[in-house]
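None of the figures in this text is laboratory data; all of them are computed from the coordinates on show. Everything numeric in this text was worked out from a predicted model, so none of it was measured. Here Cβ is always computed from backbone atoms with ideal geometry, including for glycine, and neighbour counts include all displayed protein chains.
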Amino acid sequence: MSLSAEEYREHLASTAVRAGFDFAGVVLPESDEVHVGRMRLHYLDWGNKHLPPMVFLHGGALTAHTWDLCCLALRDEYHCIALDQRGHGDSDWAHDADYSIGAQLQDTKGFVDKLGLDSFILVGMSLGAINSLAFATAHPERLSALVIIDAGPEVRRPGSSRIRDFVNAVQETVTVEAIIEKALQFNPRRDPVILRRSLMHNLRQQPDGTWRWKYDTRRFQSMGQEAHRAARAALAEGLGRITCPTLVVRGGESDVFHEEDGIRLATRLPDGRFVTVPRAGHTVQGDNPKDLVAELRRFLKKDN
């Protein structure tokens, strides 16, 4: 983590206020790791292990910290665990550049096995949503509930291409100021001051003083677009095996996941529901975490 504990605490407090939360205090997560095969996977554990477990999978080029406010808001009700997926954050990069859905499915299974989790809630956004669907179709008996945020088996090329272009544009950027400028162009909803501190979780300073992203940009190069689309489309064939209650969430201003995509996905699930979170683009948990948390609570309490 590039922020000190005090800086991290101050960052969470300020972002919480801006997002509309009113926390009595700010608790920091424990940073830990497990080994799954040759892969070292880092994760954040928000405590209260006696509560029902909830596992969070982030989107592409993000980290476990994207869930910080959601986990802080929910930690008194659930045992929140946010994973840095392979090639992201403080987890290992794949030695063979394998970022296929199958490889990441094995990571997810190995991770929850190492933590001894069963009957848990799985929440995934974008890349994490696809990996959550893959896990849910392969191991439906392990889940008590599933939340899919702003992604599904189908790919919307304009929106997904915009993300790919952003990643390609920033991978050679070496100053924090230039990275912030590009990030704000990509998502103007963000506050520049808060964004600077958020980015510290996803940047690593080099010996020469420049900065590099923590995520492995080979992920975008190693996945052939046609093969990746085919693998995602294949997930649709297993939707009928997902028997747990499932919430499909769309950011109201998303150009990656359209309303008809969300409705279609929810109706194809045995126990699916669909909601839209307003004032949010693709990164719903970053743009409007308060309303996302409200939808999660509403959904999960219906099934308790």
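For an R0 of 45 angstrom, estimate the FRET efficiency from the Cβ-Cβ distance between residue 218 and residue 253 and round to the nearest 0.05.
Working: r = 30 Å, r/R0 = 0.67.
E(calc), rounded to 0.05, equals 0.90.
What are the principal axis extents of the Cα atoms in the chain, in Å, biggest first?
Computed over the Cα atoms, the extents are 52, 47, 39 Å.
Nearest 0.05, what FRET efficiency do residue 97 and residue 3 give at R0 = 30 Å with Cβ-Cβ as r? Each step should come with its number before you reach the end.
Numbers: r = 29 Å, r/R0 = 0.97.
The pair residue 97/residue 3 has a calculated efficiency of 0.55.
Taking the dipole about the Cα centre of the chain, with the C-beta of Lys and Arg at +1 and of Asp and Glu at -1, give me whichever of 36, 88, 235 is farthest to the positive side.
Most positive-ward Cα: 235.
Too long at a 25 Å Cα-Cα cut-off: which of 49/290; 182/214; 49/214; 49/109; 114/301; 109/302?
Working: 49/290 23 Å; 182/214 17 Å; 49/214 29 Å; 49/109 19 Å; 114/301 28 Å; 109/302 27 Å.
Listed pairs above 25 Å: 49/214; 114/301; 109/302.
If you average the C-alpha positions of the stretch 74-94 and of the stretch 228-304 separately, how far apart do those two centres end up, in angstrom?
Measuring centre to centre over Cα atoms gives 20 Å.
So which cysteines in the chain don't have a second cysteine's C-beta under 4.7 Å from them?
When partners are defined as cysteine Cβ atoms under 4.7 Å apart, the chain leaves 70, 244 without one.
I'd like the FRET efficiency for residue 301 and residue 206, computed as 1/(1 + (r/R0)^6) with the beta carbon distance as r and R0 of 51 Å, rounded to 0.05. Provide the component values of the computation, followed by the final result.
On the way: r = 47 Å, r/R0 = 0.92.
Efficiency, rounded to the nearest 0.05: 0.65.
Between residue 118 and residue 35, what length in nm is gained on full extension when 0.36 nm per residue of separation is reduced by their alpha carbon distance? Don't skip to the answer; put the middle values down first.
Numbers: separation 83, 0.36 × 83 = 29.88 nm, distance 1.87 nm.
Separation in residues times 0.36 nm, less the Cα-Cα distance, equals 28.0 nm.
Which shape class, rounded, prolate or oblate, goes with the stretch 83-159 when its Cα gyration tensor gives a ≥ b ≥ c as root eigenvalues, a/c under 1.5 marks rounded, and past that a/b bigger than b/c marks prolate? Walk me through the intermediate numbers first.
On the way: a/c = 1.84, a/b = 1.08, b/c = 1.71.
Oblate shape, in that a/c is at least 1.5 and b/c is the bigger or equal ratio.
Going out from 0 in 10 Å bins, what whole percent of all Cα-Cα distances in the stretch 263-304 drops into each bin?
Each 10 Å bin holds this share of Cα pairs: 27, 47, 26.
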